[in-house]
Amino acid sequence: MTAARPWPLGVDGIIYGGDYNPEQWPREVRLEDIELMREAGVNLVSVAIFAWATLEPREGEYDFAWLDEVMDHLADAGIKVALATATASPPPWLTRAHPEILPVTEDGTVLGQGGRQSYAVSSPLLREYALRMTRVMAERYGEHPALALWHVDNELGCHVPHDYSDHAATAFRAWLERRYETIDVLNAAWGTAFWSQRYDSFEEILPPRAAPTYANPTQQFDFARFSSDELLTHYRALRDVLREVTPQVPATTNFMLSSATKWMDYFSWAGDVDLVANDHYLIAADERGQIELAMAADLTRGAAGGDPWILMEHSTSAVNWQPRNRAKGRGEMLRNSLAHVARGADGVMFFQWRQSRAGAEKFHSAMVPHGGRDTDVWRNTVGLGRALEALAPVHGSRVLNRVAIVVDYPSWWAAELDSHPTQHLRYSEELLRWYTALWDLGVGVDMVPTGVDLTGYELVIAPTLYSVTDEDAGLLADAARSGTQVVITFFSGIVDEHDHVRLGGYPGAFRDLLGVRTEEFYPLQEGEILHLDDGTAADLWSEKTHLEGAEAVRTWADGPLRGWPAVTRQEVGEGAGWYVAARPSAEGLETLVGEIVAAAGVEASVSGLHRDVEAVRRFAEDGTTYLFVLNHSDRDQVVQVSGRDLLSGTDADGAFTVHAGSAAVVQES
């Protein structure tokens, strides 16, 4: 159970810090920053993420004096640095001299200088300049005592996940040629006999730019794959320079694993980072945003393969980029941070250290706010530092669960393509609905990719696994035969990896596992509600499903499919395959999940808790367990547990009271 991935050099315990942008401030403020970091207990900061234009104000002319001084002061204070390659935004002199490196949208619009990430990731010239800057940074600071970790670029693909430039077209053709080898194989995979789309050579192929009507769906699907791979290729090129110059220093880049970021297949990226780092921000309008936060944290742990990971960015309070940016309430910053730690994060960092005075993110909260030290935000910053110091023993422990939800980025991309039975299906919403039902039952979840052995779980849920290979479908069937309760939801198994429909009836790849055959989808119209025979409601989806070995668990109680199966179950080996051919309401789904969880023999981590109190355990190699209890409710919660609360330093024999809005981390006895 020890960490398999490298950890930032010289950092022990839980990492605490944030993005530090000293180039925005005069020297006297930088000196104050060091003292404030010491007061807060900061031990790692990310530096130079957006400093390219400051470090290289003109091509080939460098100004490192300020950064040298900052690095030295941090080292003297015992604060380590995640040093960026400084390539996240090219400087204006570069885009002015070479506007051909700018990204292009689907409709041909060139995205100009003035924001950030103003580059086409496929541009050879951009790569040349970025590699040169990375090498300069590595050679100058590779032996610096403050350097603990390389921060490669920043949030790759955040603003431009898809570039449609001529550079992208060239790279896309090369990617396709590697994938398919011959144009005939590509024509078969893309179904180009439809609408006279047959290609005679790879040179005829373009990205799926704006077209008179629907672009070829497999072309769109492959362009999504290519775009994720191309961003990863850029990361690899920069990382390889760092490995050449500083092989002893681990490198990472900050992922954006959440329900809102769909275009980067982070499961395919994870093997290329030395440790997984993630950025996550709450949606202010979501009254139960702690659930999506928890799902994102579990998803990050899934990408890390269960190893400890770093929360590279979140917010101390409000952000600046939502329609209405709510400040965080009492105890929320602590609970948000500890929710990530509970799910495997051994580092908690923020954007950013000091709130900017100017620029697009000046109203984004920070560890040091505009109001300075006499503020709740600063007191929370210091308080969180103390809490994380107390949690040092938790470092390196693991989260172990008996339930998994399968997440597949290609299915996310393909399920939401145009010209489908409904345009209102949102893959991440389906993930979150099932996750929420398990949350409300107090059941812990692993978020896992396709292509892995699932036989160790008691329950596996695969929501809307639209595109699936035969091999991956077989792994789900293997899990059922071995004793797992396997749940497949509507619009799953429909197509293969080329987005070709599996003929003979839906759900295609899962018909044998589930013992059903659907002859036709019957999507519901906006606002249309049907009922199931248990009295609960459903919306969005229904279908004409025949039983071919399965039994009906729920049937439609009204509407055109009255009496048809809506939820089915078939025993398979030692386990079972469940099919949910409906989208039940939240209440109906929680009831159904309760039945499935009971059939799997899974229980809540801690019983008897209010639905807005979460309890998560981490397990150390020596057998020690740490129970995180986060009370998001407005009432006190008594928890039946014995041990020492590491946050308060108090002991209890049998029960702790966790006050409304607060948290406890109990080292159990």
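Things worth noting here:
- Amide H partners (placed H, <5 Å) of Lys80, local residues excluded: Leu44, Val45
- Summary of the geometry: the stretch 357-376 and the stretch 432-481, compared by the centres of their Cα atoms, lie 42 Å apart.
- Exposed-loop-free span, longest in the chain, where GluC sites (Glu not before Pro) count as exposed if DSSP calls them loop and at most 12 other C-beta atoms lie within 10 Å: 288-525
- Cβ-Cβ FRET estimate between Gln640 and Gln322, R0 fixed at 30 Å, reported to 0.05: 0.20
- Rounded Å value of the spacing that divides the Cα centres of the stretch 548-594 and the stretch 89-117: 51
- Amide H contacts for Leu400 (H built 1.01 Å from N in the peptide plane; partners 5 or more residues away or on another chain; cut-off under 5 Å): Phe619.
- Equivalent-ellipsoid semi-axes for the chain (Cα gyration tensor, √(5λ), whole Å, largest first): 41, 35, 20.
- Averaging Cα coordinates gives a centre for the stretch 609-646 and one for the stretch 131-158; these two points are 39 Å apart.
- Couplings 3J(HN,Hα) for the stretch 245-260, derived from phi with the Karplus relation 6.51 cos²θ - 1.76 cosθ + 1.60 (θ = phi - 60°), are 7, 10, x, 7, 9, x, 10, 8, 9, 8, 6, 10, 6, 6, 6, 9 Hz, where x marks Gly and Pro.
- Proximity of backbone amide H atoms, modeled 1.01 Å from N, is registered between Gly505 and no other residue at under 5 Å, excluding neighbours fewer than 5 places apart on the same chain.
- Per-residue [θ]222 nm for the chain (sum of -39500 (n - 2.57) over DSSP H runs n ≥ 4, rounded to 500): -9500 deg cm²/dmol
- Of the residues Asp229, Asp651, Asp472, ranked by 1.4 Å probe accessible area with the largest first, the sequence reads Asp651, Asp229, Asp472.
- Under Karplus coefficients 6.51, -1.76 and 1.60, residue-wise ³J(HN,Hα) of the stretch 185-202 in Hz, glycine/proline x: 5, 4, 4, 5, 5, 8, x, 6, 5, 6, 6, 6, 9, 4, 9, 9, 7, 5
- In order along the stretch 339-351, phi translates into HN-Hα couplings of 5, 5, 4, 4, 9, x, 6, 9, x, 10, 10, 10, 9 Hz, rounded to whole numbers, per the Karplus curve 6.51 cos²θ - 1.76 cosθ + 1.60 with θ = phi - 60° and x for Gly and Pro.
- Beta bridge orientation in the chain: antiparallel %, DSSP, nearest 5: 50
The values are calculated or read from the model by the stated rules, or taken from the named source; none is laboratory data. The model shown is predicted, which means the values in this text are computed figures rather than measured ones. Don't worry about glycine lacking a Cβ; one is built from the backbone with ideal geometry, like all the others, and counts go over all protein chains shown. Note: areas computed on protein heavy atoms with side chains; ligands, DNA, RNA excluded. Shrake-Rupley method; radii C 1.70, N 1.55, O 1.52, S 1.80 Å.
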